[in-house]
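A.B. asks: Next up is a structure, given as structure tokens.
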Amino acid sequence: MTDADLPLEHAHAAPAKPTNRMVVVLHGRGADEQDLLPVARELPPAHIVSLRAPDPMGPGYTWYALDLSAGGLSQSQPDPDGFRRSLDLVNESIATAREAYGAESVGLLGFSQGSITSLSLLLEEPARFDWVAALHGYLAESHADRTPAGLEDVPVFIGAGEADEVISADRAEAAAEALREAGAPVTYRTYPTGHGIGRTELDDTVAFISDR
């Protein structure tokens, strides 16, 4: 199968057998589309579509610049213009990939900036997704007050690191609580890790997705 021509550069890992499932992977700040493929390859058979963020950052890429005006990195928020651009590009890429790969079931797996982006996409249009796994992220202020219809039908897994100095577990827990209040079925777990995905968190993420 020829890889689809998407608005965003991407890596596509085709399943070993035909399936109508697709997992869209969104990497973290400073990484690229190859970063989370080892994680995604542990999932049940699906088309893995790992998107590359649009803006170069060092050896990798970023989804948006950070607004640090609220108190530095620990209270950072997405820069509105860059964030909106990335959300639109991801939406367009998902729509194109869904058609190209015949996907009827679409899940989002995001880490850090990719996690924040994933949760915002969910809150914009829940019906597009069957589940979301958001690791080491938070809920952007631009989307925090949204309570869209259909959110109750999309299971969400949120993982956080108890020693994460980039995005604290408190911010991830606040996202989990807000989504629960908005009606989403949320599974929230913390791990004795920093800003990275440890083995136990990976196993829990794979189990959550497998159950979907």
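A.B. asks: Anything in the stretch 176-212 that is among the charged types (D, E, K, R), assigned to a strand (DSSP E or B) and either more than 26 Å from Ala46 (Cβ to Cβ) or more than 17 Å from the chain's Cα centre (by Cα) (or both)? List them, or say none.
C.D. replies: none
A.B. asks: Within the stretch 140-175, track down each residue that is touching a helix residue (DSSP H, G or I) at 6+ places or on another chain (Cβ under 6 Å), under 21 Å from Leu68 (Cα atoms) and either of a type in the set (Val, Ile, Thr) or assigned to a helix (DSSP H, G or I) (or both).
C.D. replies: Selection gives His143 alone.
A.B. asks: Name the pairs whose Cβ atoms lie under 9 Å apart, with the first residue in the stretch 1-25 and surrounded by fewer than 18 Cβ atoms within 10 Å (Cβ to Cβ), the second of a type in the set (Asp, Glu), and 6 or more positions between them or separate chains?
C.D. replies: Close Cβ pairs satisfying both conditions: Ala4/Glu99; Pro7/Asp88; Pro7/Glu92; Glu9/Asp32; Glu9/Glu33; Ala14/Asp3; Asn20/Glu104.
A.B. asks: Would a scan of the stretch 105-119 turn up a residue that is on the phi < 0 side of the Ramachandran plot and either surrounded by fewer than 21 Cβ atoms within 10 Å (Cβ to Cβ) or of a type in the set (Lys, Arg) (or both)?
C.D. replies: Yes, there is a match, as at least one residue in the stretch 105-119 is on the phi < 0 side of the Ramachandran plot and either surrounded by fewer than 21 Cβ atoms within 10 Å (Cβ to Cβ) or of a type in the set (Lys, Arg) (or both).
A.B. asks: All but one of (1) part of a strand (DSSP E or B); (2) in contact with a Gly (Cβ under 9 Å, 6 or more places away or on another chain) hold for Gly107; which doesn't?
C.D. replies: Going through (1) part of a strand (DSSP E or B); (2) in contact with a Gly (Cβ under 9 Å, 6 or more places away or on another chain) one by one, Gly107 breaks only (2).
A.B. asks: How many of the residues in the stretch 106-132 are of a type in the set (Ser, Thr, Tyr) and either closer than 22 Å to Asp211 by Cβ or without any contact (Cβ under 8 Å) to a residue 12 or more places away in the chain (or both)? Full working, then the answer.
C.D. replies: Of the residues in the stretch 106-132, the ones of a type in the set (Ser, Thr, Tyr) are 112, 115, 117-118, 120.
From the residues that got through so far, the ones that are either closer than 22 Å to Asp211 by Cβ or without any contact (Cβ under 8 Å) to a residue 12 or more places away in the chain (or both) too are 115, 118.
Selection size over the stretch 106-132: 2.
Taken together, the values in this text are just the output of simple stated rules run on the coordinates, not laboratory data. Worth saying up front: this structure is predicted, and the values here are computed from it rather than measured. For neighbour counting, all protein chains shown are included, and Cβ atoms are generated from backbone atoms with ideal geometry for every residue, glycine included.
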